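To start, the structure itself, in structure tokens.
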4 protein chains.
Amino acid sequence: MIKITIGSKTFEIKEINVTIWNEFIHEQTDPKVASIYPEGMHMTIAEGLEPYGFNIRTATFNEPEHGLTENVLNETDVLIWWGHLVHDQVDDQIVERVYERVLNGMGLIVLHSGHFSKIFKKLMGTTCDLKWREADERTRLWVVDPAHPITNGIDEYIELEEEEMYGEFFDVPAPDRLIFISWFQGGEVFRSGCAYYRRLGKIFYFQPGHETYPTYHNEEIIKVIANAVKWAASPHGPTPTFGYAEPLEEID
Amino acid sequence: MIKITIGSKTFEIKEINVTIWNEFIHEQTDPKVASIYPEGMHMTIAEGLEPYGFNIRTATFNEPEHGLTENVLNETDVLIWWGHLVHDQVDDQIVERVYERVLNGMGLIVLHSGHFSKIFKKLMGTTCDLKWREADERTRLWVVDPAHPITNGIDEYIELEEEEMYGEFFDVPAPDRLIFISWFQGGEVFRSGCAYYRRLGKIFYFQPGHETYPTYHNEEIIKVIANAVKWAASPHGPTPTFGYAEPLEEID
Amino acid sequence: MIKITIGSKTFEIKEINVTIWNEFIHEQTDPKVASIYPEGMHMTIAEGLEPYGFNIRTATFNEPEHGLTENVLNETDVLIWWGHLVHDQVDDQIVERVYERVLNGMGLIVLHSGHFSKIFKKLMGTTCDLKWREADERTRLWVVDPAHPITNGIDEYIELEEEEMYGEFFDVPAPDRLIFISWFQGGEVFRSGCAYYRRLGKIFYFQPGHETYPTYHNEEIIKVIANAVKWAASPHGPTPTFGYAEPLEEID
Amino acid sequence: MIKITIGSKTFEIKEINVTIWNEFIHEQTDPKVASIYPEGMHMTIAEGLEPYGFNIRTATFNEPEHGLTENVLNETDVLIWWGHLVHDQVDDQIVERVYERVLNGMGLIVLHSGHFSKIFKKLMGTTCDLKWREADERTRLWVVDPAHPITNGIDEYIELEEEEMYGEFFDVPAPDRLIFISWFQGGEVFRSGCAYYRRLGKIFYFQPGHETYPTYHNEEIIKVIANAVKWAASPHGPTPTFGYAEPLEEID
């Protein structure tokens, strides 16, 4: 927390610690993906977020504890998650650790194929299944909740020339706030920007980001992610107490 | 389905198959509970629901497969769930079976201490923890969504002379519809009637029903449960298809 | 209410009184519309709903009190509303009368250009504005809440070869339940099936139905309207009392 | 906007312009109220908010245009509203002006008896009626959405020794987020902290603040209002365009 006094007024600047988690496998095994993201999607996202002033670190699947040690998570305000090929190999203990941190106030931004990650499915309580198609088709993400800070600085829609289609029905609980709906050239729609609140934690699912397209080089997509980081890092309230409770009033 | 023709009009009556699941342990081990529910809470609830015309069966923890075989669940439109002492001993396979049935359209009504059941926690994606106190205190369940059919025939509130206090914060996702809020004499409030939709399934959590009080002998409480059965059995829509999808429109 | 006893069980059949309101002007002034709906859209909708067993009457703008007398409204369980050209000429007193009935439990189904009706804007509290285009384009209404009874008997989507485009941003409150999202050939999406609850009343906005297309001759569209009638006519709870209230507990 | 550079990082501080509107009549006509709020509730709230660094001005009913000129509203990020005796005498043109500003992104915080203000009723689309009682009774506002920034720095509940009772049913749309539920000594509950989104605007209704109690001298109450100001001033997204729209894709 940085405090700045201007005249009689004091402003607080809260630094935001972001950890970008990427399984980082496609980029090391698929030349097409490597050509788009030579250092991994996490590094491209990190570079994109650089101008926004966050404290950024990255973590990947192959690191010890997937790079998500207790220390790292305790120092993380918002965790960004991209996974696909090895969802099932993510250690249940680490998933549990992330889960506890989300319930206790860490923000979580789940990108694209992360819909099938253990952590997202656990938090949603549903299968998070959907329709998909890789057909190099055009998509357009329409803002349907322009009051939400995640849409700040975005036009009425974001157009991507090529993305993977994700289509309804998306097997998640109805989002607490539905922010983007996507149109796909092939005839489908998708709830592509979904905000959820779980105890003290804020969660945002954002659909774009197939590994074979340069989506995370797109400034508008990065701006949405940056906005989501700020939103997910916004302050929360009291940590609840659970269990036996003494009465606050006399009971006759 | 019964079809009835009156003059030129045909009406359809859909019979509703209800399974009442009770762990049925308190009643067999605690004389106080046995005196209130000599045949078990499930039998009291079944008797209460009798006038509503449902086809009712019961199932309990100690039956093979906890009484919830594939056949039973496939023939169940709405499952009512009361559990407390042996949540952790409920077979994960049976939980998975119930889960699949809910996602595919079976209604689920979770009563009182069932908030900590495996099935409810799995569907919610949160811990479902709360505050509690057994102090023989008065509670009043206020209707806050009188458009909902679950409140049909109920007054503005239901008063119970003695219930266990459950207090906020209740660690569940914000309900898709919040129907009752409870006032407790000791100074707490609780979101005591919560409706959720998960894929094709409708879920209702209803707070009253501590084993040492005669709550399920109360006609208003039973009426809420009967209304919830009708609501949870109301028709659903298409079973979604997931996975690869051919385009519906030409992609240039 | 019809009661039917089968063996020991008694079933209740609630007859549903539907009033279909249509301003009925396009059909009398535009030959193209007249050729599709020679007796008016209200009559086509009435014929479509005939097999569903409702008691149906119609009302139109030019009738005294627009056909919506106190008696008619008091006997109406669900009001269907289609208007376009003369929204502003609908008598404020009649709007107030409909408004009171909705808050007191009458269902309301607002079709297509009815989004700009006085009654819908008053109930929403927003302008209900949107984007539009008449370009004979294809649309597809995707089910995004298949647990909702309004989607019963519908496939994963409804396809209409030609409809008017309505596009986001749709200036309404986020629906209490979002049931359909539409895809349009020209590149837009729209929240085309929106359910709202206001005090005792249930409201459904449904986008299809431009006067120059035969949309209300489509059986799937009629099925959605029929489902919406049943849902909007489902029972509600207690009529609230307002104003000064005596305490229910002693205040020290 | 103030920009601050620390090392390689630039932070932006957005100043927030708050206008506190108070009808300011009770304080000038009722000695009891005058003794609690000698300069008016707006001045007490302004003093309370002073440490939070907002740019604050006030406006009252008796000023020309109620103090809410075009200029004032255009320079207002968040408007706080307290009214009671003269709701009906507030000029419809000013209400319309505030309404337009809210839809276009100004935040609105409605306090206590402001539930019956023209602006709140217009935005809600319902009567906003409720139960009430002045009986010097204790109330406790429980946090039920601790992820929300409005609850930052607040304990699990706020206790007020004396407040007016407001009780359910509260005739508003179900809030987009329900943040506080109040317990009252006399036996009622109330949804006392309700957040709504309408187009670009964020709205917060907060129940406490009867004129005969020193509620706005309470630091926790002021903290909630300060949090609500920050939340309601948080950035919004694109201003929607409405009306005829050219297709974005070729239509065959």
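The values are calculated or read from the model by the stated rules, or taken from the named source; none is laboratory data. Source: prediction; values computed, not measured. So basically every Cβ, Gly included, is an ideal-geometry build from the backbone, and we count neighbours across all protein chains shown. Accessible surface is based on the protein model in full, side chains and every heavy atom, while ligands, DNA and RNA are left aside. Shrake-Rupley method; radii C 1.70, N 1.55, O 1.52, S 1.80 Å.
Return the residues of region C:152-180 that are of a type in the set (Val, Ile, Thr) and more than 17 Å from B:Leu200 (Cα to Cα); say none if nothing qualifies. First the steps, then the outcome.
Within region C:152-180, the subset of a type in the set (Val, Ile, Thr) is C:154, C:158, C:172, C:179.
Once the filter is applied, which keeps residues that are of a type in the set (Val, Ile, Thr) and more than 17 Å from B:Leu200 (Cα to Cα), region C:152-180 yields C:Ile158, C:Val172.
How about region A:1-72: which strands (runs of 3 or more DSSP E) wholly inside it have at least 2 residues that are modelled with pLDDT of 95 or more? Explain how you work it out, then say what you get.
Details: elements: A:2-6, A:9-13, A:17-22, A:55-60.
Those strands (runs of 3 or more DSSP E) span A:17-22, A:55-60.
Can you tell me which residue is least open to solvent (accessible area, probe 1.4 Å) among those in region C:216-252 that are over 19 Å from B:Ser234 (Cα atoms) and touching an Asp or Glu at 6+ places or on another chain (Cβ under 6 Å)?
Residue satisfying both the conditions and the ranking: C:Pro238.
So which residues in region C:232-244 are under 29 Å from B:Gly187 (Cβ atoms) and either of a type in the set (S, T, N, Q) or more than 10 Å from chain B (Cβ to nearest Cβ) (or both), if there are any at all?
So the first thing to find is which residues in region C:232-244 are under 29 Å from B:Gly187 (Cβ atoms), and the list is C:237-238, C:240-244.
Those that are under 29 Å from B:Gly187 (Cβ atoms) and either of a type in the set (S, T, N, Q) or more than 10 Å from chain B (Cβ to nearest Cβ) (or both): C:Thr241, C:Phe242, C:Gly243, C:Tyr244.
Can you find a residue in region D:208-230 that is farther than 18 Å from D:Asp171 by Cα and part of a strand (DSSP E or B)?
Filtering region D:208-230 for residues farther than 18 Å from D:Asp171 by Cα gives D:209-230.
Still in the running and part of a strand (DSSP E or B): none.
The answer is no; no qualifying residue exists.
Given (1) more than 7 Å from every other protein chain (Cβ to nearest Cβ); (2) closer than 22 Å to A:Leu200 by Cα, where does B:Pro208 come up short, assuming only one miss?
Among (1) more than 7 Å from every other protein chain (Cβ to nearest Cβ); (2) closer than 22 Å to A:Leu200 by Cα, the lone unmet condition for B:Pro208 is (2).
Which members of region D:113-134 meet the condition of being facing chain C (nearest Cβ under 7 Å) and open to solvent by less than 30 Å² (accessible area, probe 1.4 Å)?
D:Leu123, D:Met124, D:Gly125, D:Thr126, D:Leu130, D:Lys131, D:Arg133
Could you tell me whether region D:122-144 includes any residue that is part of a helix (DSSP H, G or I), at pLDDT 95 or above, over 26 Å from D:Glu220 (Cα atoms) and hydrophobic (A, V, I, L, M, F, W, C)?
Kept after step one, since they are part of a helix (DSSP H, G or I), are these residues of region D:122-144: D:122-124.
After this cut, where a residue has to be at pLDDT 95 or above as well, the list is D:122-124.
Then drop every residue that is not over 26 Å from D:Glu220 (Cα atoms), which leaves D:122-124.
Going one step further and asking which of them are hydrophobic (A, V, I, L, M, F, W, C), we end up with D:123-124.
Checked against the condition, which is being part of a helix (DSSP H, G or I), at pLDDT 95 or above, over 26 Å from D:Glu220 (Cα atoms) and hydrophobic (A, V, I, L, M, F, W, C), region D:122-144 yields at least one hit.
Would you mention how many residues in region C:84-112 are within 18 Å of C:Arg198 (Cβ to Cβ), open to solvent by less than 50 Å² (accessible area, probe 1.4 Å) and in a loop (DSSP other than H, G, I, E, B)?
2
Across region D:211-231, what is the total count of residues that are within 12 Å of chain A (Cβ to nearest Cβ) and closer than 20 Å to D:Asp77 by Cβ? Before you say what the answer is, go through the steps one by one.
Applying the first criterion (within 12 Å of chain A (Cβ to nearest Cβ)) to region D:211-231 yields D:220, D:223-224, D:226-227, D:230-231.
Still in the running and closer than 20 Å to D:Asp77 by Cβ: D:223-224, D:226-227, D:230-231.
Count: 6.
Hey, could you check region C:146-157 for residues that are more than 17 Å from the chain's Cα centre (by Cα), within 7 Å of chain B (Cβ to nearest Cβ) and not acidic (Asp, Glu) and say which is surrounded by the most Cβ atoms within 10 Å (Cβ to Cβ)? Spell out the reasoning first.
Residues of region C:146-157 that are more than 17 Å from the chain's Cα centre (by Cα), as a first pass: C:146-147, C:153-157.
Subsequent filtering for residues that are within 7 Å of chain B (Cβ to nearest Cβ) retains C:146-147, C:154-156.
With the extra rule that they be not acidic (Asp, Glu), the set shrinks to C:146-147, C:154.
Numbers: C:Pro146: 24, C:Ala147: 27, C:Ile154: 20.
Per the criteria, the residue is C:Ala147.
Name the pairs: first residue in region A:222-237 and on the phi < 0 side of the Ramachandran plot and in contact (Cβ under 8 Å) with a residue 12 or more places away in the chain, second residue small (Gly, Ala, Ser) and open to solvent by 10 Å² or more (accessible area, probe 1.4 Å), Cβ to Cβ under 7 Å, at least 6 apart or on different chains?
What qualifies is A:Ile222/A:Gly48; A:Lys223/A:Gly153; A:His236/A:Gly105.
Could you say whether any residue in region D:210-221 is more than 23 Å from B:Leu178 (Cβ to Cβ), modelled with pLDDT of 95 or more, under 16 Å from the mean Cα position of the chain (by Cα) and hydroxyl-bearing (Ser, Thr, Tyr)?
yes
Give region D:169-179 a look and list any residue that's within 11 Å of chain A (Cβ to nearest Cβ) and in contact with a helix residue (DSSP H, G or I) (Cβ under 8 Å, 6 or more places away or on another chain), or say none.
Residue satisfying the conditions is D:Ile179 alone.
Suppose we keep only residues that are assigned to a loop (DSSP other than H, G, I, E, B) and open to solvent by 20 Å² or more (accessible area, probe 1.4 Å) within region D:158-179. Which one would you say is farthest from D:Trp132 (Cα to Cα)? Give the steps one after another, and end with the answer.
Filtering region D:158-179 down to residues assigned to a loop (DSSP other than H, G, I, E, B) leaves D:168-176.
Applying the additional criterion that residues be open to solvent by 20 Å² or more (accessible area, probe 1.4 Å) yields D:174-176.
Working: D:Ala174: 19, D:Pro175: 20, D:Asp176: 24 Å.
For region D:158-179, the residue satisfying everything is D:Asp176.
Kindly indicate whether A:Ile150 is of a type in the set (A, V, I, L, M) and part of a loop (DSSP other than H, G, I, E, B). Outline the logic, then answer.
On the way: of a type in the set (A, V, I, L, M): yes; part of a loop (DSSP other than H, G, I, E, B): no.
For A:Ile150, the condition - of a type in the set (A, V, I, L, M) and part of a loop (DSSP other than H, G, I, E, B) - is not met.
Taking interchain pairs and intrachain pairs at least six residues apart, which have beta carbon atoms under 6 angstrom, with the first residue in region C:55-83 and more than 26 Å from C:Gln207 (Cβ to Cβ) and open to solvent by 40 Å² or more (accessible area, probe 1.4 Å) and the second modelled with pLDDT under 95 and of a type in the set (Gly, Ala, Ser)?
From residues that are more than 26 Å from C:Gln207 (Cβ to Cβ) and open to solvent by 40 Å² or more (accessible area, probe 1.4 Å), there are no pairs.
Where residues in region C:180-200 are within 10 Å of chain D (Cβ to nearest Cβ) and open to solvent by less than 10 Å² (accessible area, probe 1.4 Å), which of them is farthest from B:Asp145 (Cα to Cα)?
At the first step, the residues of region C:180-200 found to be within 10 Å of chain D (Cβ to nearest Cβ) are C:184-188, C:196-200.
Keeping just the survivors that are open to solvent by less than 10 Å² (accessible area, probe 1.4 Å) gives C:184, C:186-188, C:196, C:198, C:200.
Numbers: C:Phe184: 35, C:Gly186: 39, C:Gly187: 38, C:Glu188: 34, C:Tyr196: 12, C:Arg198: 9, C:Leu200: 8 Å.
My answer is C:Gly186.
Within region A:12-38, count every residue that is more than 14 Å from chain D (Cβ to nearest Cβ) and β-branched (Val, Ile, Thr). Full working, then the answer.
Of all residues in region A:12-38, those more than 14 Å from chain D (Cβ to nearest Cβ) come to A:19-38.
With β-branched (Val, Ile, Thr) added as a condition, the list becomes A:19-20, A:25, A:29, A:33, A:36.
Within region A:12-38, residues that are more than 14 Å from chain D (Cβ to nearest Cβ) and β-branched (Val, Ile, Thr) number 6.
Answer with yes or no whether D:Val189 is among the β-branched types (Val, Ile, Thr) and more than 30 Å from B:Phe184 (Cβ to Cβ). Full working, then the answer.
Numbers: among the β-branched types (Val, Ile, Thr): yes; more than 30 Å from B:Phe184 (Cβ to Cβ): no.
For D:Val189, the condition - among the β-branched types (Val, Ile, Thr) and more than 30 Å from B:Phe184 (Cβ to Cβ) - is not met.
Hey, among B:Lys9, B:Lys32, which residue is exposed (fewer than 14 other Cβ atoms within 10 Å of the Cβ) and among the basic types (Lys, Arg)?
On the way: B:Lys9 fails: exposed (fewer than 14 other Cβ atoms within 10 Å of the Cβ).
Answer to the selection: B:Lys32.
Determine whether D:Tyr166 is within 11 Å of chain A (Cβ to nearest Cβ) and either under 19 Å from D:Ala46 (Cβ atoms) or touching a strand residue (DSSP E or B) at 6+ places or on another chain (Cβ under 7 Å) (or both). Please lay out each step first, then the result.
Working: within 11 Å of chain A (Cβ to nearest Cβ): no; either under 19 Å from D:Ala46 (Cβ atoms) or touching a strand residue (DSSP E or B) at 6+ places or on another chain (Cβ under 7 Å) (or both): yes.
When the stated conditions are applied, D:Tyr166 does not pass them.
Could you list, in sequence order, the residues of region C:135-145 that are more than 10 Å from chain D (Cβ to nearest Cβ) and either among the hydrophobic types (A, V, I, L, M, F, W, C) or in contact with an Asp or Glu (Cβ under 8 Å, 6 or more places away or on another chain) (or both)? Walk me through how you get there before you give the answer.
First, pick out the residues of region C:135-145 that are more than 10 Å from chain D (Cβ to nearest Cβ): C:139-145.
The answer is C:Thr139, C:Arg140, C:Leu141, C:Trp142, C:Val143, C:Val144.
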